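For reference, the structure discussed in these notes is given below.
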Amino acid sequence: MLVIGIVIGLIVGGGAGIFATTSVLRKKLLAKSQQILVDAEEKAEVIKKDKILQAKEKYLQMKSEYDKQVQERNSKIVAAENKIKQKEQVLSQKVEELQKKSNELKNASENLNNQIEMLHKREAEVELRRKQSVEKLEQIASMTAEEAKENLIEMIKDEARAEASNYVMDIVEEAKITANEQAKKIVIQSIQRTATENAIENTVSVFNLENEEVKGRIIGREGRNIRTLESLTGVEIIIDDSPDAIILSGFDPIRREIARLSLHKLVTDGRIHPARIEEVVSKTRKQIEQEIIEVGKRTCIDLGIVNMNHELMRMIGRMKYRSSYGQNLLQHSREVANLSATMAAELGLNPKLAKRAGLLHDIGKVPENEPDLPHAILGMKMAEKYKERPEVCNAIGAHHDETEMTSLIAPIVQVCDAISGARPGARREVVEAYINRLNKLEELAMTYPGVVKTYAIQAGRELRVIVGADKISDTEATQLSLDLSKKIQNEMTYPGQIKVTVIRETRAVNYAK
């Protein structure tokens with residue numbers, strides 16, 4: 001608006017008017033600027049006072065807060081000082097108590113030292129009186145204390161020997177009764193639950209003929225047929241005066257069986273000549289080999305044995321044609337397997353593992369070749385070769401004590417092998433071996449001092465030993481019976497058990513005339 005007025009004034013009044021107007025405006029502007037300055041100063045003073053008041057209030061507030069914090073810290077310091085004072089009081093009390101106890105211990109130690117000195121003095125007095133008493137006793141008994149001690153020790157030793165021998169006898173008898181009862185129970189249960197056939201095989205096979213004319217055809221022109229058959233089968237064919245029969249002789253039952261079946265096919269077919277014999281023997285050998293495999297599989301299936309190696313299964317089938325002491329090897333192995341499983345179940349062990357070890361325990365008797373190794377060690381190596389379990393391998397190798405037993409299955413297989421071989425009708429014992437066993441039994445007893453005579457009776461199941469009454473006492477006779485039974489058990493092999501009876505007899509003979 002001011003500018004508009006100035007412009008209008010300039011237009012209306014001209015130059016003089018413009019000057020006068022400008023001076024007026026300058027004065028007004030100065031007055032107005034001064035007024036603005038005054039107002040600004042007043043406002044600034046008011047703002048300053050407000051800020052000062054705010055600052056004072058802020059200061060007072062912060063001061064009150066600081067005072068509160070200081071007061072709280074002081075109270076905490078006072079509480080901590082009070083606690084420290086209480087602890088100092090408690091510690092001072094404990095120090096006083098420890099000082100008292102220390103003084104008491106010192107007094108007790110002094111009293112104990114005094115008592116020890118008194119005990120030493122009394123001990124010296126007692127020792128002096130003992131020496132005096134010993135000297136008096138030596139004078140009365142006419143012997144020294146060392147001599148009396150030696151006599152007393154000898155008397156005590158004799159009494160201790162007699163009591164120990166009687167105690168050992170009682171323990172052994174009690175253990176025998178308990179062990180025999182348990183063993184008989186387990187063995188009888190195992191035998192009763194296992195059925196078997198008492199079949200005995202020989203080293204010869206008899207081939208029966210319908211008439212005598214067939215013998216000539218079997219022999220052939222200049223004996224060509226029989227020589228061909230013997231060379232192909234490895235069996236000796238004996239044609240003697242036996243009516244309507246031919247004897248096949250050989251130690252290998254498989255070869256005898258091949259020869260028997262081949263003869264049967266040739267006689268049935270009627271064509272008997274070297275080429276035909278060779279063809280029939282070859283087919284029969286393949287048939288027997290297949291039958292061996294089938295027998296092994298069927299045996300494993302019957303016994304519930306799985307995951308058997310094919311080669312081991314074939315060897316199990318070969319057992320059918322082998323015998324041991326007249327006992328069929330496959331029947332014996334099946335019987336041992338069933339007995340082992342039954343006994344393992346009775347004892348709380350793994351019956352499947354025991355059955356497997358029992359079936360394979362004589363696998364070393366049917367190898368293809370004949371190595372110079374005991375059959376137990378050979379069977380163990382074969383089982384290890386075909387990845388059988390270590391318990392089974394150890395049971396195979398240890399069933400004749402040719403290696404150390406490392407599992408509980410091994411003694412079970414050993415016992416069941418003895419049970420199967422020792423039962424009536426299982427095996428034939430050679431007379432010479434039987435006599436040698438009896439002689440060795442009697443000679444073993446004669447090696448002990450004081451033995452006068454020995455008698456092996458009841459087919460070697462009992463050994464009676466007669467000792468001199470003046471050479472051996474009753475206690476020594478008991479010990480002799482125990483030692484002799486242990487020596488027989490460790491050094492001899494025998495079926496069943498052997499009873500050792502030591503007889504000590506004193507006789508007084510007089511004649512009335």
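We did not get these values from a lab; they are worked out from the coordinates using the rules stated. Worth saying up front: this structure is predicted, and the values here are computed from it rather than measured. Positions of Cβ are generated from backbone atoms using ideal geometry, with glycine treated the same way; all protein chains shown enter the neighbour counts.
For a straight C-alpha distance cut-off of 19 angstrom, the aspartates and glutamates reachable from residue 499 (same-chain residues fewer than eight places away being disregarded) are 170, 173, 174, 181, 442, 443, 462, 474, 476, 483, 491.
Exceedance of the 28 Å cut-off in Cα-Cα distance is limited, within the set 381/440; 355/385; 265/297; 215/297, to 381/440; 215/297. The amide H of residue 323, built 1.01 Å from its N in the peptide plane, has 329 as neighbours under 5 Å, considering only residues 5 or more places off or on other chains. From the alpha carbon centroid of the stretch 353-375 to that of the stretch 297-351 is 11 Å. Each residue of the stretch 120-132 was assigned a 3J(HN,Hα) from its phi angle through the Karplus expression (A = 6.51, B = -1.76, C = 1.60, θ = phi - 60°), giving 4, 4, 5, 4, 4, 5, 5, 4, 5, 5, 5, 4, 5 Hz with x at Gly and Pro. The eigenvalues of the Cα gyration tensor, multiplied by 5 and square-rooted, give the stretch 432-504 an equivalent ellipsoid with semi-axes of 21, 12, 10 Å from largest to smallest.
Counting every C-alpha pair in the stretch 204-422, the share spaced more than 25 angstrom apart comes to 46%.
For residue 49, the lysines whose Cα falls under 20 Å of its own Cα, not counting residues fewer than eight places away in the same chain, are 58.
Here the calculated FRET efficiency for residue 136 and residue 471, from their Cβ-Cβ distance with R0 = 45 Å, stands at 0.55, rounded to the nearest 0.05.
In this simple spin-label approximation, residue 88 and residue 439 carry label points 7 Å from Cα along the Cα→Cβ vector, and these lie 11.0 nm apart. The trypsin sites (Lys or Arg not before Pro) of the stretch 242-334 that DSSP puts in a loop, and whose beta carbon has at most 14 other beta carbons within 10 Å, are 271. Only lysine pairs 8 or more places apart or on separate chains count here, and in the stretch 78-159 those with Cα atoms under 26 Å apart total 14.
Here each label is just a point 7 Å from Cα along the line to Cβ, and for residue 448 and residue 506 those points are 2.0 nm apart.
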